[in-house]
Amino acid sequence: MLLRLKIFGAPITDMQLWVRQLLCDTSLMFLSIYVERYTRAFILRMIEGYLLTDHSSSFVSLTYLSLLEDFDACGHMSWGSCGLENMYRELCVCTNYDHKEIGGSAILVQLWAWYRLPVPAPSHPPLATFHVPLGARWNNALHKPREERKDKIVKYRKYFDRLKREDFVWKPYLELLPTLPPYCFEDSQIWRSTVPLINFHIVEYHYADRVMRQFGMVQHIPAPPIIRRNCMIFH
């Protein structure tokens, strides 16, 4: 509902400068073969620049290039679960002492927090735009003047220190559901699935059974987590 990425489907370096230069040259766009090449370059940049970002800043992993050979097959892959897996992994490793920044789809974390924790959200509310994913409704707020970084850190730390149970919005989308386009509900029957999220050699589990209240259900004691070494069976 936030980013409109497909979640049900097949599981999922080089310098990024060449991608940027290629996208700026449209002199050969009248040939279909070049249109396909430009499209692959653009998708690759979107994958590494927004969905599955890392800490290299100027590099693009060619791991995903082979998946773009067939556009139809690529469109049926589970890019949503791949992005979620990457974000889970980055949230884990960003606490390491040698990590100064976080990778992954940071915008997904922001949007998730803004709907559930009103204080960290921008002071400008999202647009009341129907028939677009929820994330697109914050475009206006994202272009407003921002606070100084130091001031934000102090304010957020105080807020989280004083956070109470009733301050968290468990079901923020109830009133917004009727305004969403049908494609936002694709494969909704698997939203609560406890399954492995696969991104080549990286596997993280989706423990939906630990946050059942956000689905409007009673939270019971969940099953023990899967031991990391057991995840290797999915490769």
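The values are calculated or read from the model by the stated rules, or taken from the named source; none is laboratory data. The shown structure was predicted, so the numbers you read here are calculated from the model rather than taken from an experiment. Here the Cβ positions follow ideal geometry from the backbone for every residue, glycine too, while neighbour counts run over all protein chains shown.
Assuming HIS220 fulfils every condition listed in (1) modelled with pLDDT of 85 or more; (2) surrounded by 10 or more Cβ atoms within 10 Å (Cβ to Cβ); (3) farther than 30 Å from TYR64 by Cα; (4) out of contact with any helix residue (DSSP H, G or I) (no Cβ under 7 Å at 6 or more places or on another chain) apart from one, which condition is it?
Failed condition: (2).
How many of the residues making up the range 162-189 are in contact with a Phe, Trp or Tyr (Cβ under 6 Å, 6 or more places away or on another chain) and closer than 13 Å to GLY80 by Cβ?
Residues flagged as in contact with a Phe, Trp or Tyr (Cβ under 6 Å, 6 or more places away or on another chain) and closer than 13 Å to GLY80 by Cβ within the range 162-189 amount to 1.
Within the range 129-170, restricting attention to residues that are modelled with pLDDT of 85 or more and assigned to a loop (DSSP other than H, G, I, E, B), which residue is farthest from TRP79 (Cα to Cα)?
By that ranking, first place goes to ARG162.
Hey, among CYS92, CYS82, which residue is at pLDDT 85 or above, in contact with a strand residue (DSSP E or B) (Cβ under 9 Å, 6 or more places away or on another chain) and either farther than 23 Å from ARG45 by Cβ or in a loop (DSSP other than H, G, I, E, B) (or both)?
CYS92
From the list TYR207, TYR183, TYR173, pick out the single residue that is over 19 Å from TRP112 (Cβ atoms) and under 21 Å from the mean Cα position of the chain (by Cα).
Sole residue among the options that is over 19 Å from TRP112 (Cβ atoms) and under 21 Å from the mean Cα position of the chain (by Cα): TYR183.
Are any residues in the range 171-185 part of a loop (DSSP other than H, G, I, E, B) and among the aliphatic types (A, V, I, L, M), and if so, which ones?
If the condition is that a residue be part of a loop (DSSP other than H, G, I, E, B) and among the aliphatic types (A, V, I, L, M), then LEU174, LEU176, LEU180 are the ones that fit.
For every residue, the table says whether it meets (1) surrounded by fewer than 13 Cβ atoms within 10 Å (Cβ to Cβ); (2) touching a Cys at 6+ places or on another chain (Cβ under 8 Å); (3) of a type in the set (A, V, I, L, M, F, W, C).
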site: SER66; (1), (2), (3): yes, no, no
site: PHE71; (1), (2), (3): yes, no, yes
site: GLY83; (1), (2), (3): no, no, no
site: MET87; (1), (2), (3): no, no, yes
site: CYS92; (1), (2), (3): yes, no, yes
site: ASN96; (1), (2), (3): yes, no, no
site: GLU101; (1), (2), (3): yes, yes, no
site: ALA113; (1), (2), (3): no, no, yes
site: LEU117; (1), (2), (3): no, no, yes
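Of the residues in the range 79-93, how many are out of contact with any Lys or Arg (no Cβ under 6 Å at 6 or more places or on another chain) and either among the small types (Gly, Ala, Ser) or within 21 Å of PHE8 (Cα to Cα) (or both)? Lay out the reasoning, then the answer.
Residues of the range 79-93 that are out of contact with any Lys or Arg (no Cβ under 6 Å at 6 or more places or on another chain), as a first pass: 81-93.
Going one step further and asking which of them are either among the small types (Gly, Ala, Ser) or within 21 Å of PHE8 (Cα to Cα) (or both), we end up with 81-89.
Adding up the residues that qualify gives 9.
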